[in-house]
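Q: Shown below is the structure under consideration.
The values are calculated or read from the model by the stated rules, or taken from the named source; none is laboratory data. Please read all numbers here as calculations on a predicted model, not as lab measurements. Cβ atoms come from the backbone with ideal geometry, glycine included; neighbour counts cover every protein chain shown.
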Amino acid sequence: MSTETKITPRAQDYNQWYLDVIAAAQLADYAPVKGCMVIRPDGYAIWENIQRVLDGMFKDTGHQNAYFPLLIPESFFKKEAQHVEGFAPECAVVTHGGGEKLEEPLYLRPTSETIIWSMFRSWISSHRDLPLLINQWANVVRWEMRTRLFLRTTEFLWQEGHTAHASDAEAEEECRRMLEVYRVFAEEHMAIPVIPGRKSEKEKFAGALRTYSIEAMMQDGRALQAGTSHHLGQNFAKAFDVTFQDEKGQRQLVWATSWGVSTRLIGALIMAHSDDKGLVLPPRLASRQVAIVPIPGKQADPERMTGEARRLADELGLGRAVVVDDRPNLSPGAKYHYWEQHGVPLRLELGPRDLEKQQVVLVRRDTGEKRSLPRGGLREAVRQELEAMQREMFEKARAFRESRTYSVDTEEQFRKTIEEPGGFLRAHYCGDTECEVRIQNETKATVRCIPLDAPAEKGRCPFCGKESGRRAIFAKAY
RNA sequence: CGGGAAGUGGCUCAGUCUGGUAGAGCACCUGGUUCGGGACCAGGGGGUCGCAGGUUCAAAUCCUGUCUUCCCGACCA
């Protein structure tokens, strides 16, 4: 087990820093196939925590899990024109099976709308079958040209919610509800502030009426789309002929939504909170919240301190979330570095001096703050510290985002600000795709979203001068 | 998919130009001494030099192809 891993400072090379943090925290490894990664136990543990929390939230909002197959007939895929156009180039296709060429090629799902709606057709016949609220946890494959661990990999894990509704309004409500679920999850569990908003025509999902997203800011000022929710209208119902009889006996097309978050969230977590020492995890998503490092001391029986450390672990009442580092071959200092690189929120040090004074030394991973706490009442103190850390990490991320968000009104301001210092630009947006393409080509910034809470405000697009009713968020994005 | 760089024990790299049969530091194993911010001593194990061809008496080294990673572009959760 390596205990020495160099991490490139953020200021020197942000991209390399990101990769170094992943390596040092042992979150993932490269797989033999281009763009694929192995999610290592410590990385997967984060995903399991994300899953656990979100899954509960989905169930609380009335959804049920199901599982649909990985392989999708090519013909299904071609039924929805815009959808095909959007996804065809990045699909992996199975052409052979059982040693023979297949009559019809099978696509590895890049997303499951088609296979799911082909099934919804047989599950829905009456308004009494609606709404149908399904979620699945699955892997998907997208043949990306340029990949990055967690942020964009050929195969990734995600959840995809697929729902069917009797009306446009109901679908819209569902779509917004799930966006709100994502917002709450991002802010309260990942400690990442996000901006919920609507995507531009250019950025919306292929086959959707409209797309909403939550947008987060990373420490380099770039935006990361952390979750999406689509109002699919009746496009898939038309493509797969999914209809229901309403209360009046009229046959109607079903309305659809889909929404998802992926293992990309782990990348967001890393880039939002970590520092030059390594990974920093918000307590709520850390599978190990407290690491206890016993310091044996000079003349003491070496077993004594680890015994004390184990007793201390029991006192905390946090179960598996506490780890006692009793490795005999590492010095305390080496252990400090190890747990810092691994992002464990709190470290407790227990040595002879602490034993004498009936105290322990507590160190916060996010601030590095170190202080002594009395042994009595530690359980409550640690609980409070974890909560404080969760809260303060969110506040810190929010303050950072605010400090890097600028209102700009002229093209010149826009160009200058996006270049240096960079971040989120609040600017009027005419809504014109051509203008958006031009902005992207010339500044590398894209419309991240039109915030849902953006107040009505008359203004002009800084690039084309056309009138605009509100500001959008522009940023360079991952 | 284009342009650039790189693949040598787990990690960082030397050796490649000028072919002669693989080395260092760290990590790892054993024993001992240590331990309040990356311990020390002694002994030890581990590498078909990314992969496949070719040239040669001989290839980590030269040639061809290929795979993977990183950076820059065009495409995307």
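Q: Hey, any hits in segment A:180-190 for a residue that's part of a loop (DSSP other than H, G, I, E, B), of a type outside the set (Lys, Arg) and within 12 Å of the chain's Cα centre (by Cα)?
A: Let us first name the residues in segment A:180-190 that are part of a loop (DSSP other than H, G, I, E, B), namely A:189-190.
When the remaining residues are screened for being of a type outside the set (Lys, Arg), the result is A:189-190.
Then drop every residue that is not within 12 Å of the chain's Cα centre (by Cα), which leaves A:189-190.
Yes - at least one qualifying residue is present in segment A:180-190.
Q: On the basis of being touching a helix residue (DSSP H, G or I) at 6+ places or on another chain (Cβ under 6 Å), within 16 Å of RNA strand B (Cβ to nearest atom), under 30 Å from residue A:124 (Cβ atoms) and assigned by TED's automatic domain parsing to the domain that holds residue A:21, does residue A:255 make the cut?
A: Details: touching a helix residue (DSSP H, G or I) at 6+ places or on another chain (Cβ under 6 Å): yes; within 16 Å of RNA strand B (Cβ to nearest atom): no; under 30 Å from residue A:124 (Cβ atoms): yes; assigned by TED's automatic domain parsing to the domain that holds residue A:21: yes.
No; evaluated as a whole, the condition is false for this residue.
Q: If you don't mind, there's one more thing I want to ask. Could you say which residue among A:412, A:457 is more than 27 Å from the chain's Cα centre (by Cα) and in a loop (DSSP other than H, G, I, E, B)?
A: Working: A:412 fails: in a loop (DSSP other than H, G, I, E, B).
The match here is A:457.
Q: A further question follows. Does segment A:280-295 contain any residue that is of a type outside the set (Val, Ile, Thr), within 14 Å of RNA strand B (Cβ to nearest atom) and outside any helix (DSSP H, G or I)? Don't jump to the end; show me each part of the working.
A: Let us first name the residues in segment A:280-295 that are of a type outside the set (Val, Ile, Thr), namely A:281-289, A:291, A:294.
Of the ones still in play, those that are also within 14 Å of RNA strand B (Cβ to nearest atom) are A:291, A:294.
Imposing the further condition that a residue be outside any helix (DSSP H, G or I) reduces the set to A:291, A:294.
The answer is yes, given that some residue of segment A:280-295 is of a type outside the set (Val, Ile, Thr), within 14 Å of RNA strand B (Cβ to nearest atom) and outside any helix (DSSP H, G or I).
Q: So residue A:24 passes all but one of these: (1) closer than 24 Å to residue A:137 by Cα; (2) hydrophobic (A, V, I, L, M, F, W, C); (3) over 19 Å from the mean Cα position of the chain (by Cα). Which condition number does it fail?
A: (1)
Q: Also: Which residues, counting only those in segment A:320-330, are within 20 Å of residue A:362 (Cβ to Cβ) and either loosely packed, with under 14 Cβ neighbours inside 10 Å or near RNA strand B (Cβ under 6 Å from one of its atoms) (or both)?
A: A:320
Q: Taking residue A:148 as the residue in question, decide whether it is in contact with a Cys (Cβ under 9 Å, 6 or more places away or on another chain), in the same structural domain as residue A:182 (by TED's automatic domain parsing), charged (D, E, K, R) and surrounded by 14 or more Cβ atoms within 10 Å (Cβ to Cβ). Quick ask: steps written out before the conclusion?
A: On the way: in contact with a Cys (Cβ under 9 Å, 6 or more places away or on another chain): no; in the same structural domain as residue A:182 (by TED's automatic domain parsing): yes; charged (D, E, K, R): yes; surrounded by 14 or more Cβ atoms within 10 Å (Cβ to Cβ): yes.
The answer is no for residue A:148.
To keep it simple, each residue is scored yes or no on (1) surrounded by fewer than 16 Cβ atoms within 10 Å (Cβ to Cβ); (2) in contact (Cβ under 8 Å) with a residue 12 or more places away in the chain; (3) under 27 Å from the mean Cα position of the chain (by Cα).
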| site | (1), (2), (3) |
| --- | --- |
| A:365 | no, yes, yes |
| A:405 | no, yes, yes |
| A:420 | yes, no, yes |
| A:430 | no, yes, no |
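Q: Residue under question is residue A:176, and the condition is that it be assigned to a helix (DSSP H, G or I) and surrounded by fewer than 19 Cβ atoms within 10 Å (Cβ to Cβ); does it hold?
A: Values: assigned to a helix (DSSP H, G or I): yes; surrounded by fewer than 19 Cβ atoms within 10 Å (Cβ to Cβ): yes.
When the stated conditions are applied, residue A:176 passes them.
Q: To continue, here is another question. Pick from A:194, A:254: which is buried (at least 21 other Cβ atoms within 10 Å of the Cβ), within 30 Å of residue A:17 (Cα to Cα) and at pLDDT 95 or above? Outline the logic, then answer.
A: Working: A:254 fails: within 30 Å of residue A:17 (Cα to Cα).
Answer to the selection: A:194.
Q: In segment A:445-472, which residues are closer than 22 Å to residue A:222 by Cα and either loosely packed, with under 14 Cβ neighbours inside 10 Å or among the small types (Gly, Ala, Ser) (or both)?
A: If the condition is that a residue be closer than 22 Å to residue A:222 by Cα and either loosely packed, with under 14 Cβ neighbours inside 10 Å or among the small types (Gly, Ala, Ser) (or both), then A:445, A:453, A:454, A:472 are the ones that fit.
Q: For segment A:336-351, which positions are within 11 Å of RNA strand B (Cβ to nearest atom) and touching a Ser or Thr at 6+ places or on another chain (Cβ under 8 Å)?
A: Kept after step one, since they are within 11 Å of RNA strand B (Cβ to nearest atom), are these residues of segment A:336-351: A:336-342, A:347-351.
Answer for segment A:336-351, where residues must be within 11 Å of RNA strand B (Cβ to nearest atom) and touching a Ser or Thr at 6+ places or on another chain (Cβ under 8 Å): A:337, A:338, A:341.
Q: Right, another one. Given the criteria basic (Lys, Arg), more than 16 Å from RNA strand B (Cβ to nearest atom) and either closer than 27 Å to residue A:394 by Cβ or crowded, with 16+ Cβ neighbours inside 10 Å (or both), does residue A:183 qualify? Full working, then the answer.
A: Numbers: basic (Lys, Arg): yes; more than 16 Å from RNA strand B (Cβ to nearest atom): no; either closer than 27 Å to residue A:394 by Cβ or crowded, with 16+ Cβ neighbours inside 10 Å (or both): yes.
No: the conditions fail for residue A:183.
Q: Residue A:51: in contact (Cβ under 8 Å) with a residue 12 or more places away in the chain and on the phi > 0 side of the Ramachandran plot, yes or no?
A: Numbers: in contact (Cβ under 8 Å) with a residue 12 or more places away in the chain: yes; on the phi > 0 side of the Ramachandran plot: no.
Answer is no for this residue.
Q: Of the residues in segment A:191-228, how many are within 14 Å of RNA strand B (Cβ to nearest atom), in a loop (DSSP other than H, G, I, E, B) and more than 23 Å from residue A:10 (Cβ to Cβ)?
A: 10
Q: Let me ask another. If you take just the helices (runs of 4 or more DSSP H) that sit entirely in segment A:1-93, which of them hold at least 2 residues that are more than 11 Å from RNA strand B (Cβ to nearest atom)? Show your work before the answer.
A: Values: elements: A:14-24, A:41-60, A:74-77, A:81-87.
By residue number, A:41-60, A:74-77, A:81-87.
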